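Q: Handing you this structure, nothing more for now.
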Amino acid sequence: MDQGRPPHPIRPPRFPALADLLDPGTYRVGAYVLLSVPLGGLVAALLTGAVLAGVLTLPVLVGALFLLGALWLVGALGDMQRALVSVLGVRFVRPAQPPTSGVLGWLGATLSDPVTYRTLLFHVIQLPLGLVCWVVLAALLALVVLGLGAPLWLMDASVPLVWNEWTLRPGPLATAGLMLSGAGALLVTAGVLNLMGRMWTRLGTALLAQDAGEAARREVIALRRAAGRVALGDDLDATLRDLTTQAREASTAEAVALVAPDGTPRALDAGFGDLPPSLLGGALTRPPAPGEASLTLLGGGAALAILPVALPASTGVDGGTLRALYAPGTRPGADELAFLLSIADHAGTALHAAQLIERAGTRAGELERARLARELHDSVAQALYGITLGAKTARATLDRDPERTRQSLEYTIRLAEGGVSEMKALLFSLRPDALEEGGLIAALTQHAHALEARHGLSVHTDLREEPELSPDAQAAAYRVAQEALHNTVKHARAQAVWLSVTQDAAHVTLSVRDDGRGFDVTAQGRGTLGQRSMRERAAGAGGTLEVLSAPGQGTRVTLTLPRAPQATAALEVSA
């Protein structure tokens, strides 16, 4: 068992020297050892009798039935042995039995199953090993009885000790020494019982397990599910709870929890039930090192495995620990601890991903606020400044130049309408559900009005019915149109822009064309940052982007996206 570097005990026994003697698991081991000899004798007698009866009666064909019965007894008595070994805290997972056809099918499956021979080996070993345990325990108990019973036979003066010519009459000091020796023998007996329990546990686990690969399969399935949950989960708390559930279901632990560095539980699986979280032990003064596991014995024979949740060193953050609680008498093996370490690593990945998402969201918010400030400065603020100038001019010329006053008011009204349109477009782009509520056509219409009012462009739109696009494709189309129109205003020096959205049976096409100065597409290699952004958005939505331009001939940006699957399916059904 790999115990790693032990931390400070969480719930240490009050008297460490009496830990084995006070452990209920010690008495369960004693009960098992006490039953091992009579049970081993019974098993040996039944199997030996069945085999001998089969061999002796084989010439009259009845022996075949006895031999089949002996083979059946191996499995049936193995189930009895597994039930008895459960006293030591060993739990066996019964695998699904494949269907067999008739006696011959059962015979072939039984003879080809390695579990049959491992179980038979356990039957053979049990009786002699049980007898050895009995002899050792009998000798130790004799020393205990002689030592602790010294006052009953040493202090009686009528019963002297005679050795050859010597007659000994022990005094009180010798009696106290013998009693102390008896108490020491009692502690040694408890420790020997603990060792016997480990020996029988390992022997039962190795020979009576019905499918040695079952635990490995459960662990592989749990790790696969955990990896999928970490990759796709968007709720950190739900992801961590699912990881603890996977860890408990694929291990022998009673309950599993993820604990923060300060000792507070991050996620508790359903195995805790009514168990108090205080069993987790709180904060650790010396947590286990990365890649190691520690095992701490609790009161009552239970155990707590503690494993580190590792985060990249660059984060400078402690991920806490994963803690698995085991029932009295149950201890995890090295393979199970390695599995739990993998689950702890998945938890660290989930925590790190959540940190990165939070940082990205914060950074995105900062960038969005900066963009909004620029947009407000370039659009609404400029419009308000122009409105102020127009209103002041109209007021100054109201009495002496009515015609100029009228022109100033018309200019002010146009600026106000443009500012309203620009503000609507900004608000529309800021709301996360704007496209879902208004749709792509409404968003593009608002944007076209803002361009006309703000930059004086002549925008010709061919925006008919709302195209059938998935939400991601709809957002990609809107952002590509925004970037293309922004490039037209910033670089093309165009007088007019043509914006259209059309669709056919399988595709939706968005086109942005201007009459600007154009550019040499081949001279720009992979294009500017804006073009790369548009191409990435198109590819992310499953579409393609084409940019056609030449010096003095304007520019055309064409985005082609697949129609939503439900819309395509509806067309096929109607056809």
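The values are calculated or read from the model by the stated rules, or taken from the named source; none is laboratory data. What you are looking at is a predicted structure, and each value in this text was computed from that prediction instead of being measured. In this analysis, Cβ positions are derived from the backbone assuming ideal geometry, glycine residues included, and neighbour counts consider all displayed protein chains. All accessible areas refer to the heavy atoms of the entire protein, side chains included, with ligands and DNA or RNA removed. Shrake-Rupley method; radii C 1.70, N 1.55, O 1.52, S 1.80 Å.
Q: What are the pairs, 6+ residues apart or on separate chains, where a residue within segment 132-153 that is open to solvent by 60 Å² or more (accessible area, probe 1.4 Å) has its Cβ under 9 Å from a residue that is not in a helix (DSSP H, G or I)?
A: Partner pairs satisfying both residue conditions: TRP153/VAL159.
Q: Go through segment 313-365 and report how many residues are farther than 18 Å from LEU240 by Cα and surrounded by fewer than 14 Cβ atoms within 10 Å (Cβ to Cβ).
A: First, pick out the residues of segment 313-365 that are farther than 18 Å from LEU240 by Cα: 313-316, 326-338, 359-365.
Right, trim to surrounded by fewer than 14 Cβ atoms within 10 Å (Cβ to Cβ) and you get 313-316, 334-335, 359-365.
Matching residues across segment 313-365 total 13.
Q: Oh, and also: In segment 51-75, which residue that is small (Gly, Ala, Ser) and surrounded by 15 or more Cβ atoms within 10 Å (Cβ to Cβ) is nearest to LEU120 (Cα to Cα)?
A: GLY75
Q: One residue is enough: does segment 205-226 have a residue meeting the conditions more than 30 Å from ALA338 (Cα to Cα), modelled with pLDDT of 70 or more and part of a helix (DSSP H, G or I)?
A: Looking through segment 205-226, none of the residues is more than 30 Å from ALA338 (Cα to Cα), modelled with pLDDT of 70 or more and part of a helix (DSSP H, G or I).
Q: Among the listed residues GLY282, GLY300, GLY291, which satisfies the condition of being of a type in the set (Gly, Ala, Ser), over 30 Å from LEU193 (Cβ atoms) and either loosely packed, with under 13 Cβ neighbours inside 10 Å or at pLDDT below 75 (or both)? Steps first, answer last, please.
A: Working: GLY300 fails: over 30 Å from LEU193 (Cβ atoms); GLY291 fails: either loosely packed, with under 13 Cβ neighbours inside 10 Å or at pLDDT below 75 (or both).
Step by step, each of GLY282, GLY300, GLY291 is checked, and only GLY282 is of a type in the set (Gly, Ala, Ser), over 30 Å from LEU193 (Cβ atoms) and either loosely packed, with under 13 Cβ neighbours inside 10 Å or at pLDDT below 75 (or both).
Q: Can you work out which of the residues in segment 501-518 that are surrounded by 17 or more Cβ atoms within 10 Å (Cβ to Cβ) and of a type in the set (D, E, K, R) is farthest from LEU457 (Cα to Cα)?
A: ARG513
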